[in-house]
């Protein structure tokens, strides 16, 4: 009977020690996982910064009529292009001069005017996007050579 009591006590203390060791091990594992995730995040940030510096995104000019209430559509372009609102010095230019500036600076164009989009595409401005509003739905359409 004494032996049985000692056995129960030793078993209960061993299980307490093993539970405590398991919890310490779990905490250490969680800390290791957090450190690994933090290191992974740092590496991903460094890689994305490297590519941002190495590959400059093409600049794209957005006409004033496209900026009003079209933030979500323009936001989709931010991943691929550096979106620039039409600068004040270009607002006073005629369409012909604006096209020349776009060609010289190698900027793209986002517009609502279909004629302007087609002319811009014919004079080798790339990329050209046409913003279409249909019954409240907005869509960006890339203008290709064969569109008439």
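Residues that are surrounded by fewer than 13 Cβ atoms within 10 Å (Cβ to Cβ) and at pLDDT below 80: find the helices (runs of 4 or more DSSP H) completely inside the range 68-140 holding 2 or more of those.
Working: elements: 71-77, 88-91, 95-105, 114-122.
Correct list: 71-77, 88-91, 95-105.
Kindly list the number of the only condition in (1) at pLDDT below 70; (2) surrounded by 12 or more Cβ atoms within 10 Å (Cβ to Cβ); (3) over 20 Å from residue 76 (Cβ atoms) that fails for residue 145.
It fails just one condition, (2).
Within the range 117-129, can one find any residue that is in contact with a strand residue (DSSP E or B) (Cβ under 7 Å, 6 or more places away or on another chain) and under 15 Å from residue 85 (Cα atoms)?
Our first condition is that a residue be in contact with a strand residue (DSSP E or B) (Cβ under 7 Å, 6 or more places away or on another chain); within the range 117-129, this holds for 117, 120-121, 125-129.
Now drop any that are not under 15 Å from residue 85 (Cα atoms), which leaves 128-129.
The answer is yes, given that some residue of the range 117-129 is in contact with a strand residue (DSSP E or B) (Cβ under 7 Å, 6 or more places away or on another chain) and under 15 Å from residue 85 (Cα atoms).
If I go through the range 99-135 residue by residue, how many of them are free of Cβ contacts under 8 Å to residues at least 12 places away in the same chain and in contact with a helix residue (DSSP H, G or I) (Cβ under 7 Å, 6 or more places away or on another chain)?
Residues that pass the stated criteria total 1.
The values are calculated or read from the model by the stated rules, or taken from the named source; none is laboratory data. In this text the structure is predicted, and so the values were computed from the model without any measurement. No Cβ is skipped: glycine too gets one built from the backbone with ideal geometry, and neighbour counts run over all protein chains shown.
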